[in-house]
Amino acid sequence: MVRLAGRQWGLVAVVASTPFLFAFLLAASSPGLVEPVLGTALGGASWVLAALLGLLGGALFAGCLGTLAQSPGLNASPLRRALGLVFASIVPLGLCIIPALCLLLAGPALAMRLERGTVMPREERFHPAQELAERLKYQLPRVLPRMPRLGAW
């Protein structure tokens with residue numbers, strides 16, 4: 001890997017620390033969210049995995065920046081350099097950062113749901129088609145409003 005410049009390491013640090021910053025923002029905006037994370041193994045494991053994914057995303061971004069630094073064609077114009085940077089950032093975002101943010105949100109929610117016992121058993125989740133049709137029949141309005149015809153104009 002080619003040696004990166006100081007400003008490039010700053011970009012790598014921003015990408016790698018995104019899940020950490022998002023976790024702190026979540027904890028500050030919703031303090032009740034921290035208890036399921038720290039109190040359950042599932043919530044804590046989801047946040048640890050999100051942090052590891054953030055670090056992996058930073059390493060992947062550093063590798064992409066190193067590859068861009070080796071290519072002489074991209075350094076020729078500022079537009080190519082900017083497009084290369086955008087495409088180099090899409091890879092770690094799609095593979096690491098977005099799944100890490102999803103883990104930050106889904107882990108505590110699932111831990112709270114399991115703690116409350118609100119997860120329904122499998123038999124109750126799936127209803128036969130006849131029962132669903134009966135419920136829909138009573139939920140639909142009895143008389144549908146009269147819709148204008150297209151040919152009436």
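Taking only protein heavy atoms and a 1.4 Å probe, the accessible area of the stretch 6-52 is 78% carbon and sulfur.
Which net charge results for the neighbourhood of G44, defined as the other residues with beta-carbon distances under 14 angstrom from its beta-carbon, given Lys and Arg at +1 and Asp and Glu at -1?
With Lys, Arg at +1 and Asp, Glu at -1, the neighbours total -2.
One equal scatterer on each Cα of the stretch 1-61, no solvent, Debye formula: the resulting log10 I(q)/I(0) at q = 0.18, 0.19, 0.20, 0.27 Å⁻¹ is -0.67, -0.72, -0.76, -1.07.
A full extension of the chain between E35 and R7 corresponds to an added length of 6.4 nm, given 0.36 nm per residue minus the alpha carbon distance.
With both labels modelled 7 Å from their Cα along Cα-to-Cβ, the R81 to A106 distance reads 3.9 nm.
The values are calculated or read from the model by the stated rules, or taken from the named source; none is laboratory data. Bear in mind the structure is a predicted one, so any value in this text is a computation, not a measurement. In this analysis, Cβ positions are derived from the backbone assuming ideal geometry, glycine residues included, and neighbour counts consider all displayed protein chains. Just the protein is used for accessible areas: all its heavy atoms, side chains included, with ligands, DNA and RNA removed. Shrake-Rupley method; radii C 1.70, N 1.55, O 1.52, S 1.80 Å.
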